[in-house]
1. How big is the stretch A:367-567 on each of its three principal axes, counting only the C-alpha atoms and giving the largest first in Å?
2. Check which residues have an amide H placed less than 5 Å from B:Ile309's amide H, if you skip close sequence neighbours.
3. Using a 1.4 angstrom probe and counting only protein chains, how large is the accessible area of A:Cys196 in Å², to 10?
4. So, taking all protein chains as they sit and a 1.4 Å probe, how much accessible area belongs to B:Arg107, in Å² rounded to tens?
5. Taking the Kirkwood radius as the inverse of the mean 1/r across Cα pairs, report the Rg/Rh of the protein assembly as shown.
6. Return the long-range amide H neighbours of A:Tyr519 (sequence gap of 5 or more, or a different chain), with a cut-off of under 5 Å between placed amide H atoms.
7. Below 18 Å Cα-Cα, how many Lys pairs turn up in the stretch B:2-173? Only count pairs eight or more apart in sequence, or on different chains, if you could.
8. In nm, one decimal, shortest first: how far is the label point of B:Lys411 (7 Å from Cα along Cα to beta carbon) from the matching points in the other copies?
There are 2 protein chains.
Amino acid sequence: MLEDQNLRAYLDYFLGGFVQQKIKRAVISPGSRSTPIALLLHQCPQIETFVHIDERSAAFFALGMSKASEEPVILVCTSGTAAANYYPAICEAKESNTPLVIVTTDRPLELQQIGAPQTMNQQSLYGQQVKYSVSMPLADSTQAVKEYAHFQAIKAVQIAQQRPLGPVHLNMPFREPLLPSVQETKNVPDFHQAFCGKAVLTQEQITQIKNNWQGKKGILIVSGSQNRSTAKQYVALANELSWPLFADPLSNVRNCGMKSDTILSYYDLYMGCLDEQWMPEVIVKVGNPIISKSFNQWLGQLVVPMYVIDCEMEWKEPTLHANYVIQAESETFIKMMLASEVKQSDRQWLKRWNSLEKRVQEICEADHYLCDFTEAACTKLVLDSLSEDAQLFVSNSMAIRYVDRFSGQAKNSYTLLANRGVNGIDGIISTALGMAQIHQGHENVLLIGDLAFCHDMNALLLAKSYDIPLTIIIINNQGGGIFSFLPQSQLNPVDFEALFGTPQDLDFTYVAKLYEAQYQEVRTLDELHKCLLEEKNVSQLRILELKTSRAENSLDYENLCKKIASEI
Amino acid sequence: MLEDQNLRAYLDYFLGGFVQQKIKRAVISPGSRSTPIALLLHQCPQIETFVHIDERSAAFFALGMSKASEEPVILVCTSGTAAANYYPAICEAKESNTPLVIVTTDRPLELQQIGAPQTMNQQSLYGQQVKYSVSMPLADSTQAVKEYAHFQAIKAVQIAQQRPLGPVHLNMPFREPLLPSVQETKNVPDFHQAFCGKAVLTQEQITQIKNNWQGKKGILIVSGSQNRSTAKQYVALANELSWPLFADPLSNVRNCGMKSDTILSYYDLYMGCLDEQWMPEVIVKVGNPIISKSFNQWLGQLVVPMYVIDCEMEWKEPTLHANYVIQAESETFIKMMLASEVKQSDRQWLKRWNSLEKRVQEICEADHYLCDFTEAACTKLVLDSLSEDAQLFVSNSMAIRYVDRFSGQAKNSYTLLANRGVNGIDGIISTALGMAQIHQGHENVLLIGDLAFCHDMNALLLAKSYDIPLTIIIINNQGGGIFSFLPQSQLNPVDFEALFGTPQDLDFTYVAKLYEAQYQEVRTLDELHKCLLEEKNVSQLRILELKTSRAENSLDYENLCKKIASEI
């Protein structure tokens, strides 16, 4: 019983650190070795716990909650392969700067490397994919061990939230017996507060930058996962400078609630057609690479001073053309930039871009591709139907590309999220459910292809267990639609279908029945409109399936591109 | 086009190495970066390729094929989180000594660490969980680079198959364009043969060991994943010594086709009741830890010379009581041991064990727990129904424990496989399908609980795509049955059900419909008997669901244990 009480005290100190850091959510996967911490987390009034049997999906669910709440989420699992299942979501968290605190439980050191059951080397299990990793000591009667646990819990949460944000890992061994005492520990120490400085430039640096920007024909490129409030700041900056703002969908600029002539969103469709007169004098770029390939190609061949605003301080700039790097918190940086008057650039510069954008938008809106029941038109309709303060999760591969090309500026303001750290098609439903869990009371929509849907069906167990209302829109073109747009499509059809098309041919009505979701196949734009506008208030999981054709789709797109090239 | 031809030549050299090493199977997951190698593997006549969209499941499928064929299998995926999804199966392969050759594809070095899309640090991605890891160079016109690719392919396959067997990792970057030339490379070099010595003891060492064993009251404990031919050798050794052989299910001794009075299998049920008269004079132990907890506890308190036959040369002996370690290939070792006459031990020693075993077997067979429709009785019936040369995959948690306790010696000889490296409940269906794929033409059965079934449903896409005939027997007790046998069961029912019971409440008829499998709910032992014996020749995926009760089950088991304790 002494061991038992030590275990309780150790964990009270440890979890006390999480509570002190205002952790609100933990996702637990069942197991034996994790019993002590799972049990006390479950009983902790300040932390809401979710239980999910599939650790891969559990980690993406935590990732989604972290992305939507902008707060770290705890993950807890047992020893062995359970912990390895977290790896995909950890990789995404690392590259998308999402804070996660992963607690893997383990057998004690005296059972390591001797063939003890369910034991593998969990030291540094996640290698370079976590920011911080610590091997926790066993619970014992030493006061320093308990204080160490408290300190590490606080440190881990803090590190996860500091630039560059990301996942941290605590590997925690437990000896049997695994049931902690029911006696709560008294006098758990209370760490008070961390005062952490942020990156702020000097007034001299701001003046230098401002002088280099103002009055010039510049462009502002905003990508990365920005929230709507940061997005608005960038719009204000573009407005002040009279610069076109190339707004990647992830930037949330297009749907932040501020409309502006500076915001461009159709650029993927026209960047390939531009001549020298469109060359800027200065480029300012924020966040991760923009999705549009044609834009990136255009950008790559410019020889113009480029400023990179590198808020995460990771030197991420794949064009390798950065001439200036600005490492500063964006909020303060932009406030300082706008604190005194900014000289505008030639208004003609912005007007030209704006009329090009409008022209392309008109061509698109009149085209079959956006008027009939196509993948592009359906995507556009989904976006246009989103209610105020909705939250939209967009899958990778084709879904995000349709949004990129055709969203335009949104009617209502909403928040768009995606897994654009490593752009995987895994864990998408789980991440979207994490987002929806945080955002209950508002509309939650997931736009996804059939392969990504198949990949992550276990996530639907979460929707069922926790009644998470989410509308999933599956664009089912029977396989990997993106490959029809790539050089692989020139392969012979047998190789192509086997390796890239990979149709799965599943009847999703059974998926809906299995997980007790509403289901509807949508066959026309009118039907989709009805589902999205008139039947918006769903209280449960709803699946809308849109069956489309891969072949038609890439042909339609080609035709639209040709039309744009000839008309502008 | 030069780049293209270089890429082709590089991969012809590389894949030529796999072909030279007689690799027969590869599992590919679709992606763009992996196009060059996926395409040429798919076109390679000597290597059968399987395509599966879920990389986690794909890796376990490869693991199952490797386990069943005792030959390495190739895995190929694209860059990013796809590669991280392999991690759970890699951890299992490492701990269960299963050869896998993992080829992850990657973006070139000049796109690393600068925020390029779908790019993360894949160097040493699997850390300590692989035996060997190499960063491959890019294809170019240098002859040495092509030869290096050929050499590394051969080396990787060889290392995967050398003791200790396990997974190896090649990270292979590709630059665009990703389509190799259609012109096959001429004059790919042909490495001829690797002559690899195996661990053989000297005649003097054999004599010393033999003198220490023969004539003594010894016990032989055989575990680890042995094939039936090795299992037979151990039976021959036990027979020769007149020693009881404690046969873990994984050893395949119980069902190797050789019946013997030396073979014990009911020991888990009586090891807790033994007094001093059962103490051996020498212990010989083979392979990983045995499953039975009561056996391990008994073993742990013995102070008797213990010999550990450590074929994988990994010093795995969790009792830490090894006095002698024998590192030698078992086949040659046992042949040498049996080459000259062996002095038998006192026949009474074996007879006593044997009559105890028979007595416990009789008690079990007469008990309600093995006569009525219980989890134990169903398991026993499944085992007794297996046809000659059947292959059985057993899931972890409860399924393997029923087999351990109640299998007895098999009527027909069959092969039993399981994932007992790290004992996860993940990837079980995928691994079983890998086994079944190798073993077509024979009966293939998977015994699994409902949680493990839910965890790995994506595997059923494989069964559907490749028409793999497998009978899946789900013991559905609505949750984690094993926890009812552990101290956690004393928790309050609300905490217990939320954290450990975790019922998922899915209607598996929809799963069967979704993946086009046969489905039957089995309600009585007679029905089960009929399904397993009369309807044996299934040509497709078949799901038999047995609905049982967790609470009743642990009670029944307790009663049986009490009965055994009082009667022996």
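The values are calculated or read from the model by the stated rules, or taken from the named source; none is laboratory data. None of these values were measured; they are calculated from a predicted model. Every residue, glycine as well, gets a Cβ built from its backbone with ideal geometry; the counts of neighbours run over all protein chains shown. We work out accessible area using only protein heavy atoms, side chains counted, and drop any ligands, DNA or RNA first. Shrake-Rupley method; radii C 1.70, N 1.55, O 1.52, S 1.80 Å.
1. Principal extents (largest minus smallest coordinate, Cα): 46, 37, 33 Å.
2. Counting only residues 5 or more places away or on other chains, the set is B:Lys285, B:Val286, B:Gly287, B:Ile326.
3. My reading of the accessible area for A:Cys196 is about 70 Å².
4. 40 Å²
5. Reported Rg/Rh, Kirkwood definition of Rh: 0.99.
6. When sequence neighbours closer than 5 places are left aside, the close amide H contacts are A:Ile543.
7. The number of close lysine pairs in the stretch B:2-173 is 10.
8. Distances between equivalent label points, in nm: 7.0.
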